[in-house]
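Shown next, in structure tokens, is the structure this report addresses.
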Amino acid sequence: MSAPDARIMPTPITAVPLAACFEFAAYPGRPVDAAALSEWPANPGRVLRDTAGRPILLHFAPDRWLVPAPTPTLLPQLTSLEREGLGMLIEVEGKWQEVRIAAEHARRILSRGIDVDAVLAGRDCAAIMLFDCPAILARHEETFNLWIAASFAHSLLAVSAALPNLYPGA
């Protein structure tokens, strides 16, 4: 392998096995009271995390929340909001594919498709397009979580494999 070829290697992006996943959509004109749930992320761009720092409720767009890993207490609370006529809880298992990017390379990899600082300015999460793939991006300190529309996951992984190696000094 020649020296320039040594720089072309798959990027450290991997798909996470599909898991239970929901979205909550508030009905227009029926705002969800921020007090309805403890620590409810009332403003778009906010994220509720569990004690380990994993995102459990992402307010990714106006009146839309992603619930990537419903906790035993959160799911009944969301179901209650649905029963109260405030919105709809939709099971979307198979719609979103979580992908993980090695933490030490995440910012550089993401910057190939978006301006991370501009997209997440004043926010913890956002709906984005990454390499033409619909996605939801969340940041917690320097760690990023990414959910790609599942039908695009293969394309994202293929594009990421074609990116030049982003390891420093390679």
Would you mind classifying the stretch 97-150 by shape? Square roots of the alpha carbon gyration tensor eigenvalues, ordered a ≥ b ≥ c; an a/c under 1.5 is rounded, otherwise it is prolate if a/b is larger than b/c and oblate if not.
rounded
Karplus ³J(HN,Hα) for the stretch 108-125 (6.51 cos²θ - 1.76 cosθ + 1.60, θ = phi - 60°; Hz, whole; x = Gly/Pro) runs 5, 5, 4, 5, 6, x, 8, 8, 4, 5, 5, 5, 9, 4, x, 10, 9, 8
I need the phi-derived Karplus couplings for the stretch 73-79: 6.51 cos²θ - 1.76 cosθ + 1.60, θ = phi - 60°, integer Hz, Gly and Pro marked x.
8, 6, 4, x, 5, 5, 4
Report, by chain and number, residues whose modeled amide H sits under 5 Å from the one on Tyr27, excluding near sequence neighbours (fewer than 5 apart, same chain).
Gly87, Met88
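Every number in this text was worked out from the coordinates using simple rules, so none of it is lab data. Given the structure is predicted, the values throughout are model-derived calculations rather than measurements.
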